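Read the structure below first, then the notes.
Read-outs: derived from the displayed coordinates by stated rules, not from any lab. Everything numeric in this text was worked out from a predicted model, so none of it was measured. Glycine gets a Cβ as well: all are built from the backbone with ideal geometry, and neighbour counts include every protein chain shown.
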């Protein structure tokens, strides 16, 4: 009797664990129909390796640079490891994690996230952290990112966070239970639509312009990590006109770059040189560039990186070229599809576009 | 004993207090009844039932109650 | 530590594993250590208070027992040589001594409770009446102080009444006071009931583990799926009372009644279940209270251990104490028999309900709630002859529909006076209830009003199903233990029930980000 009971109990526990694991996969948001930024992090792993340039940063990274352009113009292989409101410690730990998978020739970091010194928003945390593969980097990133009401256990077992979605389950959750769909281009989120800049923001004075201690701590860590691996770190500021980039912030980054002997490029100062036209090159009034703008920016930056660091042109390598040709095809297919949607609907319906007000 | 039975019958005329011995267990007497009984006993027999004697054993039957009364009279 | 928290579950698991690993005679020591760790978690400085109560009660009780033993020995020795008068005088003088210890201990502990809990209440009233500007003391309340203090005082009074001798072992007594499953919200145990099962060694018995865990899961289910979910709606309804009058107040009554029931009985299920896994048997605190047909029955089924505590240690002592008997005699002389015999009962009842209300919380809401209970009890007592006549005439008692009427009447009556728990103050509560009869907005139920309270349609569905499940379990429980019935079913059926119970608790529980996590209602009690 005892043995039978023990077996029955083990079976029950096994079924419980199995059931919960299945439900966990079911309840975790798939980010397919909306907010596909949530898929950014997880798409890296199948594209890891062979990337000479790694971009790390928030939306100013993944919306403003096109790795396909870098490839087509310079034969540079690259990937953008970015996510929405990616905070600097999250960037650092992603950087650390990336180095477990490959060793790029150059690291490029967008410095906007220096303005955030504390954990910000649970939803953004989730999008950045949930789909990282488990590692010490992920664990450290979780600990550094948690807002007050968050709980580390709910990251270990996302079931505890997402069980409340039981009443919101849609077909999307079942379809994408075990499969994924490719959405990005080496971490770049493509938008072809245009919404020109209408106003330039005014600088609202801040009580304190000094970047926080934690922010500097993690910037230092990035510098140290790259130095240790012998990888040059390039700091950039993307040409987004929101959020406002204060002169006082600019000074601090310039000083920092000088002190640590880093190349720092502020694209806000190079808008004309790059050839960015804010009437055609942005899809959201200047918050981010669209495809046209991203390609211009990539062309410009690619030239600098090529010259400064003598990056290899991989276009002559058969295997690499073949691999990238697929990516290029996917890129132009999506571009065509997006233009088609623009014609048909007037906005990017399935790419997160906003319906224009009547 | 007679006086006691009268007190009890006065509260619940339908109950057979001569034979029933589960007055508390069967919730025939509630806490209000018990207090009334105690105050009546105080008037009738001039004994004070202390709180610690308010236990089912003493109130389950008229007989047990009478034993209690006698015991208290004795101690006086 | 909240019962519904990850840290508590971890704590429980560790305690369970250790309990059956340590030598059996050390099990109670482990429970003591665990209970103090649990208590310290709420704030190490609070340990001072529970220790003070523990030590003072332990010591006073021992002194009292000493004196009683002394008395017994003396009387035995001098049985022949003393006459009745002398014996009486000696007993009286010994009684005086024990009484002194008893009063001192009660004064210290009830005084401590009163100061910590009611100082600010007194201050706010003084400020209100005399227009002074005294500052509030904002004393933090030690966890469970109302519960463990009353439990200890019950013990003290029992020892004073020579019901049993005091516990010599301070550590064992400390466990009685601080036993962690019950320290937050009861049940309020009697020493003679608890001590045996608490201190004796327990071997691992599958039935205890299985039944205990089932009960714990059932309690978690009620709290997480039903109570915490309803709390979202209740909070919305009472935070803007002006917006939610009329039929919405009916909803408050209904929702809060079920929420309180699920939360409180759920918590008690967890408590009793935990104790059962340890092999310790705690007293039941609820007995299907919503099946009560009248208020008296309700208070025999709801928060049972509190009711019996107030009955044994306040109601009876007050009703039979000398001055009450004198008062009763006097009023009989002055006002006649009819009023005279009501005086002790009603006066004692009034005092009991005043203190019961006060015990629930330091605010007029609770006091008024207590007195409303008193009012209903008095009215139903006085109406009894009328009811008797009615039943003689119409022979409806016992009929199903009449029973249903009584049950519903009791449910709504008790629920209505309970809303003093949730509204800001007494006048507001009365106004809200009054608006049920003056505001005609029943159409709100059908035009989507209830969808703006924080709950979605699936949520309401879960609540209805959950309530039906609770009802079904209660109905089944009338004819015997539900767990016994479950144990009689074949294994696949049993395990399916467990499986569904556990999964639905985890999936449907209103916990985590996205739900308002609520403090357990009785926590700072």
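Between residue A:167 and residue C:139, what is the FRET efficiency for a Förster distance of 41 Å, r being their Cβ-Cβ separation, to the nearest 0.05?
The formula returns an efficiency of 0.45 here.
What list do you get for B:30, A:261 if you sort them by fewest beta carbons within 10 Å? Intermediate values should be presented prior to the final figure.
Details: B:30 14, A:261 10.
The most exposed by this proxy come first: A:261, B:30.
Scattering from the stretch C:1-118 was approximated by placing one identical point on each alpha carbon and applying the Debye formula without solvent; log10 I(q)/I(0) at 0.20 1/Å stands at -1.08. Within 10 Å of the Cβ of each residue in C:507-513, the mean number of Cβ atoms contributed by other protein chains is 6. For the protein assembly as shown, the alpha-carbon coordinates run over 121, 72, 64 Å along the three principal axes, in decreasing order. Pairwise alpha-carbon distances in chain C exceed 35 Å for 43% of all pairs.
What do the square roots of 5 times the Cα gyration tensor eigenvalues come to for the stretch C:408-475, in whole Å, largest first, as semi-axes of the equivalent ellipsoid? Show your work: numbers first, answer last.
On the way: eigenvalues 119, 74, 30 Å².
Output for the stretch C:408-475: semi-axes of 24, 19, 12 Å.
Cα-Cα pairs above 21 Å in the stretch B:2-75: how many percent? The share of Cα pairs beyond 21 Å in the stretch B:2-75 comes to 14 percent.
Kirkwood hydrodynamic radius (Cα pairs, Å) of the stretch C:265-327? Please list the in-between numbers first.
Details: mean 1/r = 0.0733 Å⁻¹.
With all distinct Cα pairs of the stretch C:265-327 included, I get 13.6 Å.
Each helix, a run of at least 4 DSSP H residues, gives -39500 (n - 2.57); summed and divided by the residues of chain C, these come to -23500 deg cm²/dmol at 222 nm. Working from label points 7 Å from Cα in the Cα-to-Cβ sense, the residue A:330 to residue C:445 distance is 5.6 nm. Need one word for the stretch C:394-525: rounded, prolate or oblate. Basis is the Cα gyration tensor (sqrt eigenvalues a ≥ b ≥ c); a/c below 1.5 gives rounded, then a/b vs b/c decides. Taking the square roots of the gyration eigenvalues as a ≥ b ≥ c, the stretch C:394-525 is oblate. Computed over the stretch C:21-203, the P(r) curve from all C-alpha pair distances, binned at 10 Å from the origin, holds 9, 30, 28, 19, 11, 4, 0 percent per bin. Ranked for footprinting exposure by Cβ neighbours inside 10 Å, fewest first, C:264, C:286 give C:286, C:264.
Calculate how large, on average over all directions, the projected area of the Cα convex hull of the stretch C:111-188 is; give the answer in nm² to one decimal.
Details: hull surface 27.5 nm².
For the Cα atoms of the stretch C:111-188, the hull's average projected area reads 6.9 nm².
Legend: Rg and Dmax of chain A, from Cα coordinates, 21.8, 83 Å. Placing a pseudo-label 7 Å from each Cα along the Cα-to-Cβ vector at residue A:229 and residue A:204 gives an inter-label distance of 3.8 nm. For residue C:323 and residue C:461, the difference between the fully extended length at 0.36 nm per residue and the C-alpha to C-alpha distance is 44.0 nm.
Here the convex hull built on the C-alpha positions of the stretch A:127-233 has a volume of 262 cubic angstrom per residue.
Modelled label positions at residue C:2 and residue C:409, each set 7 Å beyond Cα in the direction of Cβ, lie 4.0 nm from each other.
Potential lengthening of the chain between residue C:169 and residue C:100 amounts to 22.6 nm, from the contour at 0.36 nm per residue minus the alpha-carbon distance.
With kT/(6 pi eta Rh) evaluated at 10 °C and eta = 1.306 mPa s, and Rh the Kirkwood radius from Cα pairs, the stretch C:208-455 diffuses with a coefficient of 78 µm²/s according to Stokes-Einstein.
Give me A:226, C:217 sorted ascending by neighbouring Cβ count inside 10 Å, so fewest comes first. Walk me through the numbers on the way to the answer.
On the way: A:226 20, C:217 17.
The order, fewest Cβ neighbours first, is C:217, A:226.
Residue separation of residue C:162 and residue C:493 scaled by 0.36 nm, minus their Cα-Cα distance, works out to 114.1 nm of gained length.
The simple Förster model, with R0 at 41 Å and r as the Cβ-Cβ distance, assigns residue A:5 and residue A:48 a FRET efficiency of 0.30.
As an exercise, use a Förster radius of 22 Å and the Cβ-Cβ distance of residue A:135 and residue A:287 to find the FRET efficiency, rounded to the nearest 0.05. Result of the calculation: an efficiency of 0.10. Answer rounded, prolate or oblate for the stretch A:219-358, using the Cα gyration tensor with square roots of eigenvalues a ≥ b ≥ c: rounded when a/c is under 1.5, else prolate when a/b is larger than b/c, else oblate. Oblate is the answer for the stretch A:219-358, as a/c is 1.5 or above yet b/c matches or exceeds a/b.
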